[in-house]
Amino acid sequence: MKRNNVTTYDLVSRVNHWITAVAIIALLGVGMVLGNVELDNSVKFPLIGMHKAIGTLVLLFVLWRVFWRIRQGFPAPVPGTTPAQAKLGHAIHWVLLAGMVVIPASGILMSVSAGYPVDVFGLFTIPAMAEKAPALHEATETAHFAVSLLVIAALVLHVGAALKHHFVERDATLTRMVSGKAD
């Protein structure tokens with residue numbers, strides 16, 4: 001398998017990125033609806049079940065993605081990137097990766113500590129705790145919400161920086177994640 005080189009991302013890294021991006025944005029959107037819109041239980045409960053199932057699969061996929069990122073490393077910043085920009089970009093990448101682990105993990109713990117199992121499309125079920133754990137539920141609910149807000153902020157910075165690099169700086173930052181080309 002081709003590894004990331006000094007200028008671009010390999011195919012696996014690009015596929016990991018885009019699958020995760022679509023899933024996380026969808027899950028954040030569903031989470032916002034669940035947290036802010038009054039829904040009939042006939043809609044709400046299936047939506048919660050789907051959110052938990054997809055979130056669990058995303059957690060498994062993101063653990064693979066983190067392993068791959070550690071194994072492959074990051075390509076060097078494009079020419080013209082200042083050291084401060086490079087450090088900020090690297091920090092945002094790690095905030096996103098960590099958040100994509102913490103959010104679904106806290107969601108699973110939030111559910112099972114409240115006495116609800118997590119069924120993953122009939123493939124497997126994470127059972128509820130034998131006894132409800134209100135303190136754990138409250139802590140994981142807070143973490144789930146707070147880290148979601150942090151990830152949203154990091155996503156805004158990440159997408160904004162990619163668009164700035166593409167349209168203002170006219171460099172290869174975005175194209176190397178889309179096509180793998182460094183020019």
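The numbers here are math on the coordinates, done by the rules we state, and not lab data. What you see is a predicted model; the values in this text were computed from it and never measured. Positions of Cβ are generated from backbone atoms using ideal geometry, with glycine treated the same way; all protein chains shown enter the neighbour counts.
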Problem set entry | Additional length obtainable on full extension of the chain from Trp18 to Val33, 0.36 nm per residue less Cα span | 3.1 nm
For this session: Count the net charge of all other residues whose Cβ sits under 10 Å from the Cβ of Ala114, scoring Lys and Arg as +1 and Asp and Glu as -1.
Result: -1
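In Å, the Kirkwood hydrodynamic radius of the stretch 11-178 over pairs of distinct alpha carbons?
17.4 Å
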Seminar exercise, completed: With the label point 7 Å along the Cα-to-beta-carbon line of Leu11 and a cut-off under 19 Å to each amide N, the hits in the stretch 158-183 are 175-183
For this session: With springs only between Cα atoms under 10 Å apart, run a GNM on the chain and tell me which of Asp171, Asp119, Asp40 wobbles the most.
Result: Asp40
Seminar exercise, completed: 1/(1 + (r/R0)^6) with r = Cβ-Cβ of Glu131 and Asp40, R0 = 45 Å, i.e. FRET efficiency to nearest 0.05, evaluates to 0.90
Exercise. Once fully extended, how much extra length lies between Ala162 and Phe121, figured as 0.36 nm per residue of separation less the alpha-carbon to alpha-carbon distance?
Worked result: 11.3 nm
Exercise. What's the center-to-center distance, using Cα atoms, between the stretch 136-171 and the stretch 67-98 in Å?
Worked result: 14 Å
Exercise. Between Ser111, Ser42, Ser13, which gets the highest mean-square fluctuation from a Gaussian network model of the chain, Cα cutoff 10 Å?
Worked result: Ser42
